[in-house]
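The values are calculated or read from the model by the stated rules, or taken from the named source; none is laboratory data. Please read these numbers as outputs of a predicted model, since none were measured by experiment. Counting neighbours? That spans all protein chains shown, and the Cβs are built from the backbone with ideal geometry, glycine included.
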Amino acid sequence: MKEKMKFGFFCENCGSWVTKDQFIGTHFRNHCPLCLYSKHVDTRDSGDRKSSCHGLMKPIGLTFKKEGFDKYGQKRQGELMLIHHCLECHDFSINRLAADDQSEMVMLIFEQSQDLPSDVKNDLQSQKIELLAAKDETEIRNQLFGKKV
């Protein structure tokens, strides 16, 4: 069974088989590309697998990776990231999107995130996780579907 886990895992939310592949950037994947649920296996670093929780993590919103500033002092726009909330320990986690993640599901999570309870929004803010809002929708769509010409 351990050998099988090296190549993928079954999603604990929807039951789908999820493959891992270092060649497409999903070697450290811990979320399902269909429902986007994750498993709480990492602590602070992607792929560290140091978490003892192992709870199911619900995708609750989107954020941008913090990229700092360019040489002209302009803020760089980071890549789109998923925000997960652990259903066991209530910790938050940020995960990169993978190329095979369902864009429609990403948009659905974004839309649902606009109605998150204020206590969850406050918890995110206290951890310096910026939940994307309606003003960010154009950039989200650009990153998911490409810019319209």
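Below, the figures for the structure above:
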| read-out | value |
| --- | --- |
| Where a residue in region 26-47 is at pLDDT below 65 and its partner, wherever it lies, is among the charged types (D, E, K, R) and in a loop (DSSP other than H, G, I, E, B), with Cβ under 8 Å and at least six apart | 26/20; 26/100; 27/20; 27/21; 42/48; 42/49; 42/50; 43/50 |
| Residue within region 83-97 that is touching a Ser or Thr at 6+ places or on another chain (Cβ under 8 Å), small (Gly, Ala, Ser) and closer than 24 Å to residue 33 by Cβ present | yes |
| Subset of region 137-149 [of a type in the set (D, E, K, R), surrounded by 12 or more Cβ atoms within 10 Å (Cβ to Cβ) and without any contact (Cβ under 8 Å) to a residue 60 or more places away in the chain] | 137, 141 |
| Within region 80-95, tally of residues that are buried (at least 16 other Cβ atoms within 10 Å of the Cβ) and touching a Gly at 6+ places or on another chain (Cβ under 6 Å) | 2 |
| Residue count for region 96-133, restricted to those that are hydroxyl-bearing (Ser, Thr, Tyr) and surrounded by 11 or more Cβ atoms within 10 Å (Cβ to Cβ) | 2 |
| Condition check for residue 76: out of contact with any strand residue (DSSP E or B) (no Cβ under 9 Å at 6 or more places or on another chain) and among the basic types (Lys, Arg) | no |
| Condition broken by residue 89, with the remaining ones in (1) under 20 Å from residue 12 (Cβ atoms); (2) in a strand (DSSP E or B) satisfied | (2) |
| Test set (1) at pLDDT 80 or above; (2) over 13 Å from the mean Cα position of the chain (by Cα); (3) surrounded by 13 or more Cβ atoms within 10 Å (Cβ to Cβ); (4) under 24 Å from residue 144 (Cβ atoms) - residue 14 fails condition number | (3) |
| Hits in region 106-136 - residues which are outside any helix (DSSP H, G or I) and among the charged types (D, E, K, R) | 115, 128, 130 |
| Selection status of residue 109, modelled with pLDDT of 95 or more, in contact with a Leu (Cβ under 9 Å, 6 or more places away or on another chain), of a type outside the set (Phe, Trp, Tyr) and within 23 Å of residue 16 (Cβ to Cβ) | yes |
